[in-house]
Structures are given as structure tokens and as C-alpha cells.
Amino acid sequence: METKKEAKSWACLVFSGPKLKIDWVSHKLGMDPDFFLDRDTLTSENEPSIPHWQLNSKLSAKEPLQNHLWELLKRIAAVRNEVKEVSDICDVCFYTSAEFSSPETKGILLDKRLLLLLGDLGINLEILPWDSRRL
């Protein structure tokens, strides 16, 4: 029997919302974002951006999606109560992406422990298609 290969995947944890203050989230969580947008950043329509605080997975795209999520959860484990508090005033979401390039690619499995933890922390999960044309 042939072993199926893992789907290429990636994940980031995003805090966003009109009331979000980047410095407050950084202070609350005791860490700096990998990427952020504040109200002073203008969109392509010359409008203020919706504030956005983001942590990126540091794993390779060859890792299973679940590993990316666990890697990010481990980074915020010590401040999980603060994450819950922040999730009361803004949206908190794991944005993920996966590429299924062939029928030999495994599907995505997220175990029940991970899903329960996401719900308890108030974190949503969105899986987006991987656009291989942009690679």
C-alpha cells in the first residue's frame, strides 16, 4: 500500500477588529506580533485599515496543518487566559491554508482535543485554499 503525502499547509493566528489596539495586545500577551496593521495604515482605497495583530507558524509547509496549529498554541499557552480576554473584544481566528495537489495527498484531520481547545479559547478556524499559482 502506498503512503499518501501530507498536504502543504500553513497557519497564522490573527486578532482583528475596529477596537483593537496593537500595543495593548502585545502588552497583554507579552509578545510582539510577526505582522500587524494599525488604524494609521491605509488600504488601497485610502481608508484606515482594521487593526490586525498576527502570529505566523514557524514550521515548514511540509508539516501537517494540525502541527502548525499546535505550534502556535504552544506559543500562547502561558497567556491563554489573556487570549480569552482579548477574544471578548475582537475576533480571534486561525487562518490556515492547505494545498491538495493530487489524489495521493492526505486529507486534513484535526483531533478533538485541538478543536475543544480552540473553542475554549474563543478562537475560530478558517481553512482557505492554497493558491499554487502564487508560489
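Scan Ser9, Ser26, Ser44 and give me the residue that is touching a helix residue (DSSP H, G or I) at 6+ places or on another chain (Cβ under 7 Å) and of a type outside the set (A, V, I, L, M).
Working: Ser26 fails: touching a helix residue (DSSP H, G or I) at 6+ places or on another chain (Cβ under 7 Å); Ser44 fails: touching a helix residue (DSSP H, G or I) at 6+ places or on another chain (Cβ under 7 Å).
Among Ser9, Ser26, Ser44, only Ser9 is touching a helix residue (DSSP H, G or I) at 6+ places or on another chain (Cβ under 7 Å) and of a type outside the set (A, V, I, L, M).
Among the residues of the range 60-70, is there at least one that is part of a strand (DSSP E or B) and in contact with a strand residue (DSSP E or B) (Cβ under 7 Å, 6 or more places away or on another chain)?
Start the filter on the range 60-70 by keeping residues that are part of a strand (DSSP E or B), which leaves none.
So far as the range 60-70 goes, no, none of its residues is part of a strand (DSSP E or B) and in contact with a strand residue (DSSP E or B) (Cβ under 7 Å, 6 or more places away or on another chain).
Can you work out which of the residues in the range 77-122 that are open to solvent by 60 Å² or more (accessible area, probe 1.4 Å), of a type in the set (A, V, I, L, M, F, W, C) and under 20 Å from Gln66 (Cα atoms) is modelled with the lowest pLDDT?
Phe100
Would you please list the contacts, defined by Cβ atoms under 8 Å and residues six or more apart or on different chains, that run from a residue in the range 88-111 that is under 18 Å from His52 (Cα atoms) and touching a residue at least 40 places away in the same chain (Cβ under 8 Å) to a residue that is in a loop (DSSP other than H, G, I, E, B) and of a type in the set (Lys, Arg)?
Ile89/Lys19; Cys90/Lys19
Based on what the data block shows, is Val92 part of a strand (DSSP E or B) and either out of contact with any strand residue (DSSP E or B) (no Cβ under 9 Å at 6 or more places or on another chain) or under 14 Å from Leu125 (Cα atoms) (or both)? Don't jump to the end; show me each part of the working.
Details: part of a strand (DSSP E or B): yes; either out of contact with any strand residue (DSSP E or B) (no Cβ under 9 Å at 6 or more places or on another chain) or under 14 Å from Leu125 (Cα atoms) (or both): yes.
Answer is yes for this residue.
What number of residues in the range 5-56 are part of a helix (DSSP H, G or I), within 13 Å of Ser87 (Cα to Cα) and open to solvent by 100 Å² or more (accessible area, probe 1.4 Å)?
The number of residues fulfilling the criteria is 0.
In the range 64-75, how many residues are more than 12 Å from the chain's Cα centre (by Cα) and open to solvent by less than 10 Å² (accessible area, probe 1.4 Å)?
0
The values are calculated or read from the model by the stated rules, or taken from the named source; none is laboratory data. What you are looking at is a predicted structure, and each value in this text was computed from that prediction instead of being measured. Note: ideal-geometry Cβ built from the backbone for every residue, glycine included; neighbour counts use all protein chains shown. Ligands, DNA and RNA are stripped out before the accessible areas are found, and what is left, the full protein with its side chains, is counted by its heavy atoms. Shrake-Rupley method; radii C 1.70, N 1.55, O 1.52, S 1.80 Å.
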